[in-house]
Structure formats: C-alpha cells, structure tokens
Amino acid sequence: MAYDLKDEVVVIAGGAGLIGKALSKAFAEEGAKVVIASKEGKGFAQEIGAGFHELDISDESSVDRLIKDMDKGHGKIDVFINCAWPKTDDWMTNVEEVKFKSILKNLEMHLGGYWLCCQRFALYMKKQGHGRIINFSSTQGVVAPNFSVYEGTKMTSPPAYPLIKGGIIMMTKYFATYFAKHNVRVNSVSPGGVYNDQDPDFVKRYSKLTPLGRMAKAEEIVSPVLMLASKKSSYMTGENIMVDGGWTTW
Ligand SMILES: NC(=O)c1ccc[n+]([C@@H]2O[C@H](COP(=O)([O-])OP(=O)(O)OC[C@H]3O[C@@H](n4cnc5c(N)ncnc54)[C@H](O)[C@@H]3O)[C@@H](O)[C@H]2O)c1
C-alpha cells in the first residue's frame, strides 16, 4: 500500500459527508482502521466496514468521550481528520442581512469545534508519542470570495466562512509548531468547490474562473489527505495544501 496506513487507527470527523465519504472509503481501502465520528453516518460506516462513534465537535464532553472510547477500544489514535461542517440554518444569509448572533454561533460551532478537537487530540497524541492531525479549510481561508459567481442564484459566500477557514489555517500552524517536539504533525487541506448539483449558473461561472475549467469531484480531494496522514510525509507540518483546480493560482 502506497501510503503505509495498514492497521493505522484513523478517526474522521464528518466522515459520512460529501468529502468525508470519499475519505472514509479511501482510508478503509488502504487497510486503515477507520472510525467515522459524526452526528450521522452509522449506516454508511457499516457499509464500508468502518466503525462509528457519535460526535459533536463543539461539545467538550462529546470529544473527550470519543477519545476515551478510542483509547479503550484501540489503544491508540494515529490520525485525526476533521472534515465536519457544522452550520446554522441561516448559513446562506448574505452579509447585509445576517444576524451578529448567527456569525458568533457559527464561529463557536465550526472554528471553536475544530480548535477543541485539535487541542484534545494533540494532547492525546503527545501522550502516546506520535500522531497526525489534518484539518479541512477552504480556498476561502486563503483568498476572498469572488461574488460574481453567485449572481442570480440563491447562493452566497456565507459571511462567517472566511473567518472560520482563515482561522483554521492559522490554528493548524499554531498547533503544528507547539506540538512538533512531541512528534505530532498538524496540517490542513484547502479544497475548492466540490460539485454537488449546485445551481447551473453558479457551476458555469465557477468553472470558468478555475484553471482546470470545472469543479472538483469529492474523490479528488482524497490523495493529499492520505499523503499527510502517512508516515511517509514525516517532514511536513504546519502546511496548508490547496486542492482547488488552480483557483488560487491566478
Ligand atoms: N464541499 C465543498 O465544496 C467544500 C469546499 C471547500 C472546503 N470544504 C470543507 O470540507 C469539509 C467537509 O465538507 P463537505 O462538503 O463534505 O460537508 P458535508 O456537509 O457534506 O458533511 C459534513 C459532515 O459533518 C457532519 N457534522 C456537522 N456538524 C457536526 C458536528 N458538530 N460534529 C460532528 N460532525 C458534524 C455532518 O453530519 C456531515 O456528515 C468542511 O470543513 C467544509 O468547509 C468543502
């Protein structure tokens, strides 16, 4: 197996979502012991022979329970991937109308949840003497949204999203440098837009602005994550890998 992940214990938060499903399948195919940790996805986990554990990434007792149960059941956690996407019901409200309370709630659930998981998993990995954490950011954590792609659709760039995703990249770098001496590597991956049956006008405009001329397929986000999870990327930490068809290149 190219990535040397056989029997590695890999916890994937949000592992039954659009990108999460592709990740969970790929890690299982590599022979890793995958545990999907999420609000839903038990059926999918069974389908691919993975484990399932309930998780709310922004709830301290839920995160601590997961780590405790993983330790009891597997005796180690080699890799933690955070691919969860918590959001409020008014997520797509534009910047002129969004309530301040909603911005704060999304920061708490999403940026706060990623931070909490990073802290707890890094501490566990420090104790066991090794580990890799991979966080999901986005092109919108690196460059500003191009609002022209949303014109004439009900879509927008949710106003809390760049704060959250930019924060996740810097948080990743912070944890990477702090925990480096404990053999815990922390990196992030930043996908561009993944095709999910969005408004055709949006898809057309988005594709035109992307050097590769199209949106991503979920499976195309997987290989950089396998690489970062692998012991073979042992000299990488604090990195943010763009998987965006070239969106941030020009
Ligand atoms: N889809 C894209 O186009 C895209 C682009 C760039 C970045 N991303 C990022 O990739 C990640 C995954 O995106 P996706 O499209 O697969 O999302 P998704 O909505 O399809 O899946 C997210 C999963 O997270 C789970 N979840 C929600 N709240 C949770 C919580 N509090 N605790 C635990 N699990 C929770 C959901 O149940 C779901 O299974 C997100 O961080 C997202 O911001 C996605």
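Test F121 against the stated conditions and say whether it is closer than 22 Å to S24 by Cα, of a type in the set (F, W, Y) and assigned to a helix (DSSP H, G or I). Considered against the rule, which asks whether it is closer than 22 Å to S24 by Cα, of a type in the set (F, W, Y) and assigned to a helix (DSSP H, G or I), F121 comes out as yes. Contact map, region 1-27: residues that are open to solvent by 60 Å² or more (accessible area, probe 1.4 Å) paired with residues that are within 11 Å of the ligand (Cβ to nearest atom) and in a helix (DSSP H, G or I), Cβ distance under 9 Å, separation 6+ or inter-chain. Pairs shown: L18/A218; K21/F44; K21/A218. Taken over region 168-192, the criterion of being of a type outside the set (F, W, Y), open to solvent by 20 Å² or more (accessible area, probe 1.4 Å) and at negative phi is satisfied by M170, K173, T177, A180, K181, H182, R185. Hey, among V149, V184, V203, which residue is within 12 Å of the ligand (Cβ to nearest atom) and aliphatic (A, V, I, L, M)? Result of the check over V149, V184, V203: V203. For region 68-99, the tally of residues that are assigned to a loop (DSSP other than H, G, I, E, B), within 14 Å of the ligand (Cβ to nearest atom) and either closer than 19 Å to I133 by Cβ or open to solvent by less than 60 Å² (accessible area, probe 1.4 Å) (or both) stands at 6.
Just one of the listed residues (K232, K208) is within 21 Å of A32 (Cα to Cα) and open to solvent by 60 Å² or more (accessible area, probe 1.4 Å), and it is K232. Checking each residue in region 104-118 for being open to solvent by 10 Å² or more (accessible area, probe 1.4 Å) and either aromatic (F, W, Y) or under 21 Å from Y235 (Cα atoms) (or both) picks out only W115. Scanning region 206-247 for residues that are assigned to a helix (DSSP H, G or I), within 11 Å of the ligand (Cβ to nearest atom) and of a type in the set (A, V, I, L, M, F, W, C) yields A218, I221, V225.
The values are calculated or read from the model by the stated rules, or taken from the named source; none is laboratory data. Note that the structure is predicted; figures quoted are calculated from it, not measured. Here Cβ is always computed from backbone atoms with ideal geometry, including for glycine, and neighbour counts include all displayed protein chains. To get the accessible areas, we keep the full protein, side chains included, count just its heavy atoms, and leave off ligands, DNA and RNA. Shrake-Rupley method; radii C 1.70, N 1.55, O 1.52, S 1.80 Å.
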